[in-house]
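Data block below; observations after.
The values are calculated or read from the model by the stated rules, or taken from the named source; none is laboratory data. This structure is a prediction, so every number in the text was calculated from the model and none was measured. All Cβ positions, even for glycine, are placed from backbone atoms using ideal geometry, and neighbour counts span all protein chains on display.
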């Protein structure tokens, strides 16, 4: 897609990615993934959270470099070195995080880094204005090139990003969740622009979780799962149910302990939690012995819900009751976590290294810190030697001694140390994000067992995970989030990945019925 390269040769794809593999450290995120983008096509790229979609597109956009495989652009082999190189090859990316600078005009953004120079070395603003105006008009956008980007709506910024790609003579457009911030009218405008790009022989990669959009806009779909290529199919020949099946199609592994049976006293009650003033109210309960999973597509409010319970996120309003102690929401940012711990609720964050553990301190210090935090600030220090020993033993932490630095442990043992911190402190409710993130398969099974033992001994667990199969296997009940609300609830023993994804994609009050039927 260099200016001197013909991209309209019949049968030659605009882009062909073959057997692309990528690892970040020991974590393999893509394994021999292939993708072909034909001229005049709109290609959906789908998969659950963590399937590898964004990594694959960032490789095409020059943000990441692949470890193995090859890429051809217009029939010629290319090693895309940087985002600028990708743009030179005719690849334009509109990520969810828009890249326009709000303090510059539309025209200044369009020519950023390649400003035309007039006589005497001055900026050729007339040319910038005229060429920007032509690019906007090509998309039927009646915007002045002199407008500051800060004055544009989210939808208008999205369209300016696309116009930027057209101005740069791009042949491939990557749209990552392009309608996430658009209303229905703006979606129609976007669809018309996509149709224009298709008619002009461009290729569009369309990443979205919204099934209706996929079937309305796209011609072909490629499905990724766990970093592997599952299928590439023409959408004309498959149904929505078929597509969901391709995205989730695996059985639960034999990793999980037996579910709980007796759920009696309410340990945690959340009433009328509103993340924002105009958000729907969220209410739910956890009972003794119960593990409740919180599912949903990325960014639908589930993390904000759990973090509201400890003051890390500041909601608009609500109430929380823990073991008989009532508090109004939002909780104080500085004291919320300690206040909840005094009531018996502990929080295990997703990023254990940045938010949970003290990597330079020993296993004993990391476990004992919760015991120290329960005492008055001026009290004499205690060693809590036996409690720490009991916790480390019950967690089966693999370390040479309790004096070993936590930073030297494996991911699974670090997670067990973090869990041991709150078990030693006698917590009753555990709120945990991504319990097995970066953990090997053996440690996963151990962590599932530890959480079940915690619940069986009279505790309750609220767990947030992007792995649907994990939520089904370890939970007793699953709540599904969409648009800052809990829109569906189901018993985990009867749940399927299909039912959860179907509910997560729903925008109506029928979600519970659909999940139950599935």
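From the set of residues in region 352-379 that are modelled with pLDDT under 75 and in a loop (DSSP other than H, G, I, E, B), which is nearest to residue 431 (Cα to Cα)? Break it down stepwise before answering.
Kept after step one, since they are modelled with pLDDT under 75, are these residues of region 352-379: 353, 370-379.
Add one more test, that the residue is in a loop (DSSP other than H, G, I, E, B), and what stays is 374-379.
Values: 374: 18, 375: 22, 376: 24, 377: 25, 378: 29, 379: 28 Å.
Among those that are modelled with pLDDT under 75 and in a loop (DSSP other than H, G, I, E, B), it is 374.
Would you point out which residue out of 86, 44 is under 21 Å from the mean Cα position of the chain (by Cα) and under 28 Å from residue 154 (Cβ atoms)?
On the way: 86 fails: under 21 Å from the mean Cα position of the chain (by Cα).
Just one listed residue meets the conditions, 44.
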Region 319-336, residues that are surrounded by fewer than 21 Cβ atoms within 10 Å (Cβ to Cβ) and farther than 15 Å from residue 273 by Cα
323, 324, 325, 332, 333, 334, 335
Can you tell me which residues in region 323-341 are in contact with a strand residue (DSSP E or B) (Cβ under 8 Å, 6 or more places away or on another chain) and outside any loop (DSSP other than H, G, I, E, B)?
326, 327, 328, 329, 337, 339, 340
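Please go through region 63-79 and pick out each residue that is surrounded by fewer than 21 Cβ atoms within 10 Å (Cβ to Cβ) and either in contact (Cβ under 8 Å) with a residue 24 or more places away in the chain or in a loop (DSSP other than H, G, I, E, B) (or both).
Just the residues of region 63-79 that are surrounded by fewer than 21 Cβ atoms within 10 Å (Cβ to Cβ), to begin with: 63-65, 67-72, 75-79.
Result: 63, 64, 65, 67, 68, 69, 70, 71, 72, 75, 76, 79.
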Which one of the conditions (1) crowded, with 20+ Cβ neighbours inside 10 Å; (2) in a helix (DSSP H, G or I) does residue 175 fail to meet, given that it meets all the rest?
(2)
In this structure, does residue 149 turn out to be closer than 19 Å to residue 33 by Cα and at pLDDT 90 or above?
no
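Does residue 27 satisfy being at pLDDT 90 or above and under 29 Å from the mean Cα position of the chain (by Cα)?
No, not satisfied.
Of everything in region 396-422, what is within 18 Å of residue 434 (Cα to Cα) and part of a helix (DSSP H, G or I)? Give them in sequence order.
Quick first cut of region 396-422, residues within 18 Å of residue 434 (Cα to Cα) only: 410-422.
Result: 411, 412, 413, 414, 415, 416, 417, 418, 419, 420, 421, 422.
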Flagged pairs (Cβ under 6 angstrom, 6 or more apart or on separate chains; first in region 434-456, assigned by TED's automatic domain parsing to the domain that holds residue 468; second part of a helix (DSSP H, G or I) and at pLDDT 90 or above) are 448/474
Number of positions in region 324-363 that are under 19 Å from residue 463 (Cα atoms), free of Cβ contacts under 8 Å to residues at least 24 places away in the same chain and touching a helix residue (DSSP H, G or I) at 6+ places or on another chain (Cβ under 9 Å)
0
Residue 515: modelled with pLDDT under 85, outside the structural domain of residue 243 (by TED's automatic domain parsing) and not in a strand (DSSP E or B), yes or no?
yes
Could you identify the single residue in 112, 119 that is loosely packed, with under 15 Cβ neighbours inside 10 Å, within 30 Å of residue 74 (Cα to Cα) and without any contact (Cβ under 8 Å) to a residue 12 or more places away in the chain?
112
Being modelled with pLDDT under 90, within 25 Å of residue 73 (Cβ to Cβ) and over 26 Å from the mean Cα position of the chain (by Cα) is true for just one of 135, 195, 199. Which residue is that?
135
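Listed residues 344, 299; which is farther than 25 Å from residue 491 by Cβ and surrounded by 20 or more Cβ atoms within 10 Å (Cβ to Cβ)? I'd like the intermediate steps shown before the answer.
Working: 299 fails: surrounded by 20 or more Cβ atoms within 10 Å (Cβ to Cβ).
Just one listed residue meets the conditions, 344.
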If you go through region 105-151, how many residues are under 23 Å from residue 195 (Cβ atoms), touching a helix residue (DSSP H, G or I) at 6+ places or on another chain (Cβ under 7 Å) and outside any helix (DSSP H, G or I)?
3
Would you point out the residue of region 237-264, among those that are in contact with a helix residue (DSSP H, G or I) (Cβ under 6 Å, 6 or more places away or on another chain) and within 29 Å of residue 219 (Cα to Cα), that is modelled with the lowest pLDDT?
248
Would you point out the residue of region 487-503, among those that are touching a strand residue (DSSP E or B) at 6+ places or on another chain (Cβ under 8 Å) and surrounded by fewer than 22 Cβ atoms within 10 Å (Cβ to Cβ), that is farthest from residue 471 (Cα to Cα)?
489
Which condition breaks for residue 441 when tested against (1) farther than 28 Å from residue 274 by Cα; (2) buried (at least 19 other Cβ atoms within 10 Å of the Cβ); (3) modelled with pLDDT under 85?
(2)
